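For reference, the structure discussed in these notes is given below.
The values are calculated or read from the model by the stated rules, or taken from the named source; none is laboratory data. Computed from a predicted model, the values in this text were never measured in an experiment. All Cβ positions, even for glycine, are placed from backbone atoms using ideal geometry, and neighbour counts span all protein chains on display. Just so you know, the surface numbers come from the protein's heavy atoms only, side chains and all, with ligands and any DNA or RNA stripped out. Shrake-Rupley method; radii C 1.70, N 1.55, O 1.52, S 1.80 Å.
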Amino acid sequence: MADTKDDRRVVVIGLGRFGGSLAIELTRLGCEVLGLDHNPKRVQHFADELTHAAVVDSTDADALAQLDVPTFRRAVVGIGSDIEASILTTSLLSEFGTEHIWAKAVSRQHGRILERVGAHRVVLPEYDMGERVAHLVTGRMLDYIEFDDDYAIVKTTPPVQAVGKPLGETKLRVRYGVTVVGIKRPGTAFTYATPETVVQAEDVLAVAGRRDDVERFAEID
């Protein structure tokens, strides 16, 4: 399914090192980003970089409502040092009915609590950098690894045009400049993809290529 306009709107709460880099990358990827933080200096720093930025106490439901936060389908809680605020903010987003909540955790225990109060995916920054997570927030990508020289590998679901066809007939390399290097069926491990491999809708593909090319591939229907 193609992204709707609402899918490209993301609220990032907490503009520290992780949240700030993620918000900037989301903006680069074409998202409308609302950046929130309790620190006026941080908000001022990002004011010209993001679509919108505001100073707010993210544990105040009324304050978030005034900024239309409940209308966002995607949210990232990047609060780090204040664990209580992180948990309360995540809980509020869950109460708002936010469909996709990503939350930064400072420990695995913190992460488990975030999951209990409503986070759909917990991020541990020592493993997940902000730029990488930005790609996962935006679309069909399930994982994203960028190497030197502008090269990346993504794990993603297949586009409709490739379903039901052998990979050799899809001509994905010619059309999009990417190579399907692996394929995973439900309940099985990843295996090498061949030109004879028939893609199914529920498959997960490992796709390699230039960063811009794999990003574009993950955006198509």
Worksheet item: Does region 1-118 come out rounded, prolate or oblate, given a ≥ b ≥ c as the square roots of the eigenvalues of its C-alpha gyration tensor, rounded meaning a/c under 1.5 and, failing that, prolate meaning a/b above b/c?
Response: rounded
Worksheet entry | Nearest-ten-degree value, helix 83-96 long axis tilted from longest Cα axis of the chain | 70 degrees
Item to complete: Go through region 206-220 residue by residue and turn each phi into a ³J(HN,Hα) via Karplus (6.51, -1.76, 1.60, θ = phi - 60°); whole Hz please, and just put x for glycine and proline.
Response: 9, 10, 10, x, 5, 3, 4, 5, 6, 5, 5, 4, 6, 9, 6
Worksheet item: So what is the accessible area of the chain per residue, in Å², with the probe set to 1.4 Å?
Response: 51 Å²
Item to complete: Give a residue-ordered list of calculated ³J(HN,Hα) values for region 14-22 (Karplus: 6.51 cos²θ - 1.76 cosθ + 1.60, θ = phi - 60°; whole Hz; x for Gly, Pro).
Response: x, 10, x, 4, 6, x, x, 5, 5
Practice prompt. Keeping the other protein chains in place, figure out the carbon and sulfur percent of the accessible area of the chain, with a 1.4 Å probe.
Written response: 51 percent
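Stretch Thr51-Val204 to full length: gain in nm at 0.36 nm per residue minus the Cα-Cα span? Intermediate results must be reported in sequence, preceding the final value.
Working: separation 153, 0.36 × 153 = 55.08 nm, distance 3.27 nm.
Difference between extended and current length: 51.8 nm.
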Practice prompt. Go ahead and run the numbers for FRET between Val106 and Arg173, Cβ-Cβ distance against an R0 of 35 Å, rounding to 0.05.
Written response: 0.25
Practice prompt. Using the charge dipole of region 77-117 (Lys, Arg: +1 at Cβ; Asp, Glu: -1 at Cβ; taken about the Cα centre), state which of Gln109, Ile83, Ser94 has its Cα farthest towards the positive end.
Written response: Gln109
Practice prompt. Find how many whole Å separate the alpha carbon centroid of region 51-104 from the alpha carbon centroid of region 180-195.
Written response: 37 Å
Worksheet item: Any idea how many Lys pairs in the chain come in under 22 angstrom at the alpha carbon, given 8 or more places apart or on separate chains?
Response: 7
Worksheet item: Dipole size in debye (nearest 20) for the chain around its Cα centre, Lys and Arg Cβ +1, Asp and Glu Cβ -1?
Response: 560 debye
Fill in: Structure-derived semi-axes √(5λ) of the Cα gyration tensor in Å: which label, when the choices are [x] 53, 22, 14; [y] 30, 29, 11; [z] 34, 18, 16
[z]
Practice prompt. Calculate how steeply helix 108-117 sits against the longest principal axis of the alpha-carbon atoms of the chain, using the helix alpha-carbon long axis, and give the answer as 0 to 90 degrees to the nearest 10.
Written response: 80 degrees
Discussion item. Can you tell me how region 1-66 classifies by the Cα gyration tensor, rounded, prolate or oblate, using a/c under 1.5 as the rounded cut?
Written reply: oblate
